[in-house]
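Student: Okay, here's the structure, questions in a sec.
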Amino acid sequence: DINPSVALNYPLNYRPSIEPRLRMAWHPWGTDAQTLTAALGLYRQTVEGINDERDVGSVFTAWIPAPVDEARARAVHALLGWQQQVGPFNMAVEGYYKDLHNVPVPIWSVIARFTTTLTLADGDVYGVDTRLEFQRNPLYLYLGYGYSWIKYTTAQENFGLWFDEPIQSYHPPHDRRHQLNAILGLDVGLFKANVRWQYGSGLPYT
């Protein structure tokens, strides 16, 4: 199966943008028990969320529109995945890559404070998600593991004084290497109970 599509975005005060996307699925033996999928697409974003990258305990995000006179955030997403059904078990693995451009990030300052003064960064994201599911009423089991890697690269006028280099690369606060999830579900008559356990490795900080 080949499913091409095009998204047309025309936010107020911004130029319209066309975002082509493509998804492909192949069943090697003609059944839904095995599926190879691939996807590629272009995405743009007008509203941006920023937070205080110098405070590891901050959970607040400020949502603001991207500056009209600046290029909007743009990302190319690519994905390749495999899904296998064996009786009550469903196994899947997906790898992905994202090429990011014009991502708004707060400027670095010698004073530790929250600021909405922004600059732009480019970034690379790649990772893999795996999952194993078991479904046989009334029992449901899920085990998932995800690995991700994110790095931003930006240029700011202070970098030449601080680091002797005008361009710096760093891992943003939401860069988390490992994440493990487990779910136990049980259906009994009109009642449904779920227990979830999640583990995530440490986040970067300065």
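Student: Taking 2.2 N^0.38 Å as the expected size of a compact globular protein, what ratio does the Cα radius of gyration of the chain give against it, to two decimals?
Tutor: Values: Rg = 21.2 Å, N = 206, 2.2 N^0.38 = 16.7 Å.
Compactness ratio reported: 1.27.
Student: Ranked highest first by the average count of other Cβ atoms within 10 Å around their residues, in what order do 178-189, 124-135, 3-14 fall?
Tutor: On the way: 178-189: 13.0, 124-135: 15.4, 3-14: 10.7.
In decreasing order of mean packing, 178-189, 124-135, 3-14 become 124-135, 178-189, 3-14.
Student: Right, next: Just to confirm, what accessible area per residue do you get for the chain at 1.4 Å probe, in whole Å²?
Tutor: On the way: 13600 Å² over 206 residues.
With all protein chains present, the chain gives 66 Å² per residue.
Student: Here's something else I'd like to know. When the Karplus curve 6.51 cos²θ - 1.76 cosθ + 1.60 is applied with θ = phi - 60°, which whole-Hz ³J(HN,Hα) does each residue of the stretch 140-156 get, with x for Gly and Pro?
Tutor: Using θ = phi - 60°, the values come out as 9, 10, 9, 9, x, 9, x, 10, 9, 9, 10, 9, 9, 10, 9, 10, 9 Hz.
Student: Let me have the 222 nm mean residue ellipticity of the chain computed from DSSP H runs of 4+ only, each contributing -39500 (n - 2.57), with the sum over all residues rounded to the nearest 500. List each step's numbers first, then the result.
Tutor: On the way: 1 runs with 5 residues, N = 206.
Value at 222 nm, helices only, nearest 500: -500 deg cm²/dmol.
Student: Go through the stretch 154-206 and name the trypsin sites (Lys or Arg not before Pro) that are in a DSSP coil and have 16 or fewer other Cβ atoms within 10 Å of their Cβ.
Tutor: On the way: sites: R176, R177, K192, R196; in loops: R176, R177.
Those satisfying the criteria are R177.
Student: Taking the highest mean first, how do the peptides 100-106, 42-48 order by number of other beta carbon atoms within 10 angstrom per residue? Mind showing how you got there, number by number?
Tutor: On the way: 100-106: 18.3, 42-48: 16.0.
Top to bottom by mean Cβ count within 10 Å: 100-106, 42-48.
Student: Ok, one more. Using +1 at the Cβ of each Lys and Arg and -1 at the Cβ of each Asp and Glu in the chain, identify which of F159, W108, A25 lies farthest towards the dipole's positive end.
Tutor: Farthest towards the positive pole: A25.
Student: Whole Å is fine, so just give me how far the alpha carbon centre of the stretch 152-202 lies from that of the stretch 69-102.
Tutor: 16 Å
Student: So, one more: Given R₀ = 22 Å, FRET efficiency for L79-Q179 by Cβ-Cβ distance, to 0.05?
Tutor: The formula returns an efficiency of 0.80 here.
Student: Sticking with this structure for a sec: How much of the accessible area of the chain, in percent, comes from carbon and sulfur atoms when a 1.4 Å probe is used? Write out the running numbers ahead of the final one.
Tutor: Working: 8130 of 13600 Å².
Accessible surface attributable to carbon and sulfur in the chain totals 60 percent.
The values are calculated or read from the model by the stated rules, or taken from the named source; none is laboratory data. Computed from a predicted structure; not experimentally measured. Using ideal geometry, Cβ is built from the backbone for each residue, glycine included, and neighbour counts are taken over all protein chains shown. For the accessible areas, the whole protein counts, side chains as well, though only heavy atoms, and no ligand, DNA or RNA atoms are used. Shrake-Rupley method; radii C 1.70, N 1.55, O 1.52, S 1.80 Å.
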